Each structure stands twice: as structure tokens, then as C-alpha cells.
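This report refers to the structure that appears directly beneath it.
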Amino acid sequence: KSVPCLLIGAHYDSVADTPGADDNGSAVAALLACAKTIATFTPETPVMFVAFNGEEENLLGSKDFVNHCIVNGRLKVSQAHILEMVGYCQQTPFSQYQPPGLPVQIPQVGNFLGMIGNRNSLTLLENTLTIAKSYLPLLPVLGLKVYLGLEHLFPVLKRSDHAPFWQAQVATLMWTDTAEFRNPHYHGPTDTPETLNYTFLRQVTQLLVACVLSFEERR
């Protein structure tokens with residue numbers, strides 16, 4: 001029988017006519033850096049790194065992966081962390097916008113990492129927020145808990161590759177810099193590497209590594 005693993009995923013496609021530095025090169029860079037670190041220092045950790053295609057085409061890649069590898073029981077995933085745009089950060093007032101219809105208020109400064117968990121991943125969200133406070137206290141991390149299946153009422157909460165994992169009832173978090181609600185270059189030709197905040201991206205990557213190491217310690 002396969003050992004339950006931790007899965008880290010990010011999509012590597014982008015929309016046409018954009019370099020895709022934040023969407024989603026930032027997440028792929030964090031994924032690869034984490035993979036290199038874990039392979040170097042704790043290669044025995046049961047962690048899987050997956051890069052999906054087709055996120056911009058109705059999540060085709062992640063849906064296919066979940067259906068063929070998880071739903072049919074070929075792969076056991078105890079928790080998943082899906083990275084969706086994690087490289088854009090602003091410290092100025094009113095640099096963060098509120099997603100329409102979202103029933104919570106978020107800060108007006110776009111300097112935080114957002115995490116979203118549903119009813120199957122609330123404990124995972126709490127544990128991850130604790131890790132963030134312990135190991136990266138300078139990185140603001142905001143967790144959004146989605147209760148009672150409310151993600152079905154707010155489509156903005158299911159716009160990335162975490163959605164198929166939620167559908168399969170896998171404990172899954174989506175990590176994000178909130179995309180167009182912060183980044184003015186979203187899906188445009190100016191989504192280029194020089195617009196990213198590499199201190200922020202490094203901190204996100206360090207938190208990702210800490211989560212993997214914590215998973216190994218708890219096994």
C-alpha cells in the first residue's frame with residue numbers, strides 16, 4: 001500500500017500574451033525551490049511535487065490528476081498545498097481590494113499571504129497558521145475558513161487547482177497573493193519578473209519548506 005503523502009502543486013500555464021511571472025511562475029519557483037531543499041536535506045519525506053497544465057482552461061490538468069490518481073485510490077494524499085500566485089506584494093495603503101461578495105473583510109494593504117481552507121481542511125489551516133507565526137513571524141498570513149460548503153455559493157473561492165482536491169474531500173489549502181485583487185499586472189503583458197517582490201516570495205517558500213518539515217516530524 002502507498003504511504004499517505006503531502007502534495008504540493010502549482011500550475012505552470014498562463015494566459016496568452018502574458019509572461020506569467022506572478023501567474024504562475026512565482027508559484028512554480030516556490031515549488032521547485034522547496035523540492036530542491038527537501039531532496040537535499042530530508043529526501044525520505046513522503047512529499048509529492050506536481051506542476052499542472054490547463055489551469056487557465058477550467059482546471060483541466062488538476063481535474064485530470066485528481067480523477068486518475070486520487071479518486072481511484074492509486075495515490076493517498078493526506079494533505080495538499082496548492083500555490084496560486086505568491087510573488088506580488090505591496091506595502092502601500094489601499095493596495096489590496098476586497099473580492100466582491102466575499103462575506104469577510106480583508107486588510108487594505110496587500111502585503112499578506114492568503115490561505116483558504118474548506119470544512120475538510122480547517123485543522124490543516126490552523127496548523128499552517130501556527131507554523132507561520134512560529135517560524136516566519138514577519139510574514140503576515142491571513143487564513144480564510146470556508147464553512148458548511150459555502151465555497152459553492154462563492155465561485156471566487158474555487159478559481160484554482162485546489163477546487164478538484166476539495167471536490168475529492170482531500171484536506172487542501174490554496175496559497176495566494178489574491179491575484180487581481182492586488183496585482184494590477186494580472187493576466188496582462190506587464191506580468192513580468194521585475195514586478196515581483198522576491199523577499200515576499202522567499203518568505204512564502206520558507207513557510208512551504210517549514211510545512212513539509214512539520215509534516216515529516218508528525219508522521
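Per residue of the chain, the DSSP helices (runs of n ≥ 4 H) give a summed -39500 (n - 2.57) that works out to -9000 deg cm²/dmol at 222 nm. For residue 68, the accessible area of its heavy atoms, probed at 1.4 Å with every protein chain present, is near 100 square angstrom. Put simply, the amide H of residue 89, placed in the peptide plane, has neighbours under 5 Å in 197, leaving out anything fewer than 5 places away on its chain. Just 67, 120, 53 to compare: in a GNM of the chain, with alpha carbon springs under 10 Å, which one fluctuates most? Maximum among the listed residues: 67. For the pair the range 170-219 and the range 24-102, the centres of their Cα atoms are 9 angstrom apart.
Give the residue list of GluC sites (Glu not before Pro) in the range 107-188 that are DSSP loop and have at most 13 other beta-carbon atoms within 10 angstrom. All intermediate terms of the calculation are to be shown ahead of the outcome.
Numbers: sites: 126, 151, 180; in loops: none.
Sites meeting the loop and neighbour criteria: none at all.
Taking a probe of 1.4 Å, how large is the accessible area per residue of the range 105-219, in Å²? Intermediate values should be presented prior to the final figure.
Working: 5490 Å² over 115 residues.
Accessible area per residue: 48 Å².
Scanning residues 5 or more positions from residue 144 or on other chains, those with amide H under 5 Å from its amide H are 115, 116, 117, with H placed 1.01 Å from N in the peptide plane. Taking only protein heavy atoms and a 1.4 Å probe, the accessible area of the range 1-47 is 63% carbon and sulfur. To the nearest ten degrees, helix 122-135 and the longest principal axis of the Cα atoms of the chain are 70 degrees apart.
Can you pull out the GluC sites (Glu not before Pro) in the range 19-94 whose DSSP state is coil and whose Cβ has at most 16 other Cβ atoms within 10 Å?
Values: sites: 44, 55, 56, 57, 84; in loops: 44, 55, 56, 57.
When the GluC sites (Glu not before Pro) of the range 19-94 are filtered for loop state and at most 16 Cβ neighbours within 10 Å, 44, 57 remain.
Relative to the dominant Cα principal axis of the chain, helix 27-41 is inclined by about 40°.
Extending 7 Å from the Cα toward the beta-carbon at both residue 16 and residue 37 defines two label points whose distance is 3.8 nm. Enumerate the amide H contacts of residue 52 below 5 Å, restricted to partners 5 or more residues apart or on another chain; note that Pro and chain-start residues carry no placed amide H. Placed amide hydrogens put 10, 11, 12 under 5 Å from residue 52.
Within a straight-line Cα-Cα reach of under 25 Å, residue 63 can be paired with the following lysines, leaving aside sequence neighbours fewer than 8 residues apart in one chain: 1, 76, 145, 158.
The three principal axes of the C-alpha atoms in the range 1-133 carry coordinate ranges of 51, 38, 33 Å, sorted with the longest axis first. For the range 13-21, 3J(HN,Hα) computed residue by residue from phi via the Karplus equation (6.51, -1.76, 1.60; θ = phi - 60°) reads 8, 9, 6, 5, 6, 9, x, x, 5 Hz, glycine and proline entered as x.
In loop segments of the range 108-163 as defined by DSSP, the chymotrypsin sites (Phe, Trp or Tyr not before Pro) with at most 15 further C-beta atoms inside 10 Å of their C-beta are 147. Against the chain, whose longest principal axis comes from its Cα atoms, helix 198-218 is set at around 20 degrees. Extents of the range 156-219, largest first, come to 43, 29, 14 Å (Cα atoms, principal axes, whole angstrom).
The values are calculated or read from the model by the stated rules, or taken from the named source; none is laboratory data. On a predicted model such as this, the values are computed, not experimentally measured, just so you know. Backbone-built Cβ (ideal geometry, glycine too); neighbour counts: all protein chains shown. Just the protein is used for accessible areas: all its heavy atoms, side chains included, with ligands, DNA and RNA removed. Shrake-Rupley method; radii C 1.70, N 1.55, O 1.52, S 1.80 Å.
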